[in-house]
Structure formats: structure tokens, C-alpha cells
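Structure, as C-alpha cells:
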Amino acid sequence: MNLGRRNGMAASLVLLGALLAVYRVAHGADPERPFPAKLVTLVVPFTAGSGSDTISRVIAPKLSARWGQPVVVDNRPGASGNIGTQHVARSAPDGHTLLMAINTFTITPALYKNLPYDPIRDFVPIGKLAEVNSALVVHPSLPVSDLRSFVAYVKQRPGELNYGTPGNGTPHHMSMELLKNAGGLSIVHVPYKGIAGAITDLVGGQVQAMIAGIPSIRTQAQAGKLKVLAVTGDSRSEQFPAVPTFKEQGYPGVGEASGWYAVLAPAGTPKDLVSRLNRDFAEVMTSPDVVAELERQGLRVRTGPPDELQGLIGNMLARWKALASAAGIEQD
């Protein structure tokens with residue numbers, strides 16, 4: 001091979017390398033730049049004011065400071081969380097688009113015949129973030145003071161009362177259906193496009209009841225605009241210590257329907273990046289000011305490794321599938 005030909009090949013290789021570098025930078029995949037190489041998006045598949053939205057907005061500035069890149073919250077509500085979840089499933093597996101999931105992630109597969117994603121195949125778990133108690137709340141005009149009197153009141157008016165939820169197949173919906181089945185109640189489901197509208201109409205009296213996460217109803221309840229009758233979990237809520245649990249009031253099955261929050265990434269995200277993200281989220285979540293702020297809003301920080309979250313997802317997928325089948329609940 002003559003010198004001119006060797007020089008030409010060398011020049012071509014240099015040019016090819018330069019083009020590949022430009023392509024990788026343009027697509028956020030430059031291996032010489034550590035994660036994150038660009039803006040990071042926390043996708044919340046529900047409206048503002050939901051628990052996952054609350055967590056995201058508390059930790060986004062801290063993650064941004066830690067990573068040296070903007071971290072934004074992107075609310076993509078609709079279809080019981082499926083719209084935002086599908087968006088993340090189809091995103092690049094580079095850590096720059098993450099799903100701020102709640103336990104709906106394990107409920108919708110039990111209800112929808114044709115999901116646009118697979119909860120196991122299309123995602124890799126990063127880690128659990130927090131847990132939350134839910135509460136049965138009613139409009140103050142209802143002449144009830146506890147769960148027993150609420151059940152009696154509804155039974156005396158079959159089909160006359162309504163309960164609101166952020167949408168079909170949400171934890172709020174499934175929890176209320178558990179209560180309906182356990183108490184033999186006939187109360188009409190009114191699904192909204194997000195928690196904000198449902199709570200607004202509950203405060204306004206357009207619907208009479210709801211089971212919702214304590215962070216979502218805390219402000220209105222503490223202001224006397226809603227009446228809290230029962231809370232999920234094994235112990236009473238610090239925000240409403242005078243309110244008995246479902247278990248205390250004879251409905252342990254409903255009391256087990258507490259919520260959880262987690263972060264997931266698209267399938268194919270490298271293992272070392274998964275470990276990095278797990279560590280960063282855990283350290284931010286367990287910082288004293290974040291713990292204090294989330295506890296003030298009714299959320300308990302509970303972090304863990306990816307495999308623990310994977311086990312939780314698998315167990316809950318099976319549980320909700322069995323409950324949906326038994327209750328005859330499904331979506332198109």
C-alpha cells in the first residue's frame with residue numbers, strides 16, 4: 001500500500017470518527033460525557049397535585065444541583081397513567097427520561113386488555129421512593145362521622161351517591177371498589193381526568209366521597225372542607241391521628257391498599273447507570289430536608305434497591321389481577 005493511500009484511509013477514519021462523535025453528542029449519547037449529558041425529564045403520568053407530582057417537584061431542584069443539568073417535571077396525565085407511561089417506554093434508555101410511577105403501574109395491566117407497553121419487558125426498576133396512606137374523605141354535608149356510619153348512610157341510599165376518582169383503574173378507583181365489595185355498597189363511580197378536578201368537585205359537593213392519598217386531600221381536610229373518616233395502613237396517619245384506620249373499623253382488606261411511589265427507566269438502560277440513578281435518588285430522598293417536607297405532606301420516604309422494587313412490582317401485578325378478576329372490573 002503506498003503512502004498516499006494510507007494517508008487517505010487515515011483521513012477517512014478521522015472523518016468517520018468525527019461524524020460519529022457529532023452524532024452521539026446530538027443524540028445525547030456521547031460516551032466521553034458522564035450522565036447526564038443534557039436535560040433530565042421526570043415524567044409524572046398524572047396531573048399536578050398528585051403524590052408523584054409532589055415528590056418530583058420536591059426533589060427535581062436537588063437532582064439538578066447534584067447532576068449539573070436541568071431536571072424538569074413533565075405532567076402527562078390520561079388513561080389511568082398509560083399516556084405518560086407509554087411515553088417513557090418509548091424513550092431512549094439513557095437515563096434522561098424517567099417515569100415517576102405509583103402503584104397504578106401494577107393495577108392497569110390487570111384492567112386493560114391492550115396496554116401500549118409491557119410493565120416488565122419495557123421498563124427497568126430504579127428504586128422505590130416513598131409510601132403513602134390513603135384516606136376515605138367525604139363532603140362535610142354528609143351526616144356521618146366514621147366508616148360505620150358512612151356505610152350505613154350509603155346502604156340507605158343505593159345508587160343515589162357518587163364517588164370521584166382521578167380516572168378508571170387508578171388506585172383511588174380500585175380502593176373504593178374494594179370498599180364497595182366489602183361493605184355491599186351501591187355508589188356511583190365518577191371518573192375525572194386527574195385528581196385536581198375530582199377534589200374540586202368533592203369540595204363543591206358534586207360528588208360525595210373519595211378515597212385518595214393523604215397528600216392530595218391534606219390541605220382541604222385540615223381546612224375543614226373535607227371530612228376524613230378512615231385511613232389505610234397498619235397505623236394512624238400523623239396528619240390525622242384522631243382518625244381510625246380501616247383495619248380498626250373492621251375493613252382490613254381495604255386498609256392494605258396503601259400507595260407507593262417509585263422511579264423506573266426504559267428497558268435497556270445500562271446496569272451501571274441504573275445503579276448510579278438508584279444511589280442518587282436514594283441519597284436525595286433521604287436527605288433530612290426532603291424527608292421532613294414529604295412527611296409534612298403525608299408521604300413516608302422508603303427507598304430500596306432495584307431488585308426489591310422488581311419483586312414488589314411482580315407481587316402486586318399478580319394481586320391486582322386476582323382482585324380485578326374477582327370484582328369483574330376491566331377497561332377497554
**OP:** Go over the candidates Gly169, Gly183 one by one and state the one that is within 26 Å of Ala48 (Cβ to Cβ) and in contact (Cβ under 8 Å) with a residue 40 or more places away in the chain.
**Re:** Gly169
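For the stretch 49-76, give me each residue that is under 15 Å from the mean Cα position of the chain (by Cα), more than 24 Å from Thr165 (Cβ to Cβ) and either buried (at least 23 other Cβ atoms within 10 Å of the Cβ) or among the aromatic types (Phe, Trp, Tyr) (or both). So that I can check it myself, show each step before the final result.
Applying the first criterion (under 15 Å from the mean Cα position of the chain (by Cα)) to the stretch 49-76 yields 49-59, 73-76.
Among the residues that remain, those that are also more than 24 Å from Thr165 (Cβ to Cβ) are: 58-59.
Passing the criteria: only Ile59.
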Original post:
Name the residues in the stretch 252-262 that are touching a helix residue (DSSP H, G or I) at 6+ places or on another chain (Cβ under 9 Å) and surrounded by 21 or more Cβ atoms within 10 Å (Cβ to Cβ), would you?
Top reply: Val254, Ala257, Gly259, Trp260, Tyr261, Ala262
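How about the stretch 98-129: which of its residues are of a type in the set (A, V, I, L, M) and at pLDDT 95 or above?
Narrowing the stretch 98-129 to residues of a type in the set (A, V, I, L, M): 98-102, 107, 110-111, 115, 120, 124, 126, 129.
Those that are of a type in the set (A, V, I, L, M) and at pLDDT 95 or above: Leu98, Leu99, Met100, Ala101, Ile120, Val124, Ile126, Leu129.
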Original post:
Within the set of pairs 6 or more residues apart or between chains, which connect a residue that is of a type in the set (Phe, Trp, Tyr) inside the stretch 55-84 to a residue that is surrounded by 17 or more Cβ atoms within 10 Å (Cβ to Cβ) with Cβ atoms less than 7 Å apart?
Top reply: Trp67/Pro36; Trp67/Val40
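I'm trying to understand the selection: among the residues of the stretch 222-245, which are touching a residue at least 40 places away in the same chain (Cβ under 8 Å) and touching a strand residue (DSSP E or B) at 6+ places or on another chain (Cβ under 8 Å)? Quick ask: steps written out before the conclusion?
Residues of the stretch 222-245 that are touching a residue at least 40 places away in the same chain (Cβ under 8 Å), as a first pass: 224-233, 237-240, 243-244.
Within the stretch 222-245, Leu226, Lys227, Val228, Leu229, Ala230, Val231, Thr232, Gly233, Ser237, Phe240, Val243, Pro244 meet the criteria.
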Original post:
Restricting attention to the stretch 286-332, which residues are part of a loop (DSSP other than H, G, I, E, B), without any contact (Cβ under 8 Å) to a residue 40 or more places away in the chain and within 30 Å of Gly183 (Cα to Cα)?
Top reply: Gly328
**OP:** Go through (1) assigned to a loop (DSSP other than H, G, I, E, B); (2) out of contact with any Lys or Arg (no Cβ under 8 Å at 6 or more places or on another chain) and name the single condition Ala265 misses.
**Re:** (1)
Original post:
Which one of Gln239, Gln249 is open to solvent by 30 Å² or more (accessible area, probe 1.4 Å), at pLDDT below 95 and part of a loop (DSSP other than H, G, I, E, B)?
Top reply: Gln239
Original post:
Within the stretch 172-180, is even one residue open to solvent by less than 10 Å² (accessible area, probe 1.4 Å), within 18 Å of Glu256 (Cα to Cα) and modelled with pLDDT of 95 or more?
Top reply: no
Original post:
Do we have Pro191 as open to solvent by less than 40 Å² (accessible area, probe 1.4 Å) and in contact (Cβ under 8 Å) with a residue 24 or more places away in the chain here?
Top reply: no
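Find the residue count for the stretch 21-76, including only residues that are outside any helix (DSSP H, G or I) and either modelled with pLDDT of 90 or more or of a type in the set (Lys, Arg) (or both). If you could, list the steps in order and put the result at the bottom.
Start the filter on the stretch 21-76 by keeping residues that are outside any helix (DSSP H, G or I), which leaves 27-50, 68-76.
From the residues that got through so far, the ones that are either modelled with pLDDT of 90 or more or of a type in the set (Lys, Arg) (or both) too are 33, 35-45, 68-76.
Residues in the stretch 21-76 being outside any helix (DSSP H, G or I) and either modelled with pLDDT of 90 or more or of a type in the set (Lys, Arg) (or both): 21 in total.
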**OP:** Name the one entry in Ala230, Ala223, Ala262, Ala209 that is closer than 24 Å to Val44 by Cβ and modelled with pLDDT of 95 or more.
**Re:** Ala262
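Inside the stretch 77-170, counting only helices (runs of 4 or more DSSP H) that do not spill past its ends, which hold 1 or more residues that are more than 15 Å from the chain's Cα centre (by Cα) and surrounded by fewer than 17 Cβ atoms within 10 Å (Cβ to Cβ)? Steps first, answer last, please.
Details: elements: 82-89, 104-111, 147-155.
In the stretch 77-170, the matching helices (runs of 4 or more DSSP H) lie at 147-155.
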**OP:** Look at the stretch 196-206 and say how many of its residues are open to solvent by less than 10 Å² (accessible area, probe 1.4 Å) and modelled with pLDDT under 95.
**Re:** 0
Subject >> Among (1) part of a loop (DSSP other than H, G, I, E, B); (2) open to solvent by 40 Å² or more (accessible area, probe 1.4 Å), the one test that Glu283 misses >> reply: (1)
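The values are calculated or read from the model by the stated rules, or taken from the named source; none is laboratory data. Because the structure is predicted, anything quoted here is derived from the model rather than measured. Glycine also receives a Cβ, built like all others from the backbone with ideal geometry; neighbour counts cover every protein chain displayed. These area figures cover heavy atoms from the full protein model, side chains too; ligands, DNA and RNA do not enter into them. Shrake-Rupley method; radii C 1.70, N 1.55, O 1.52, S 1.80 Å.
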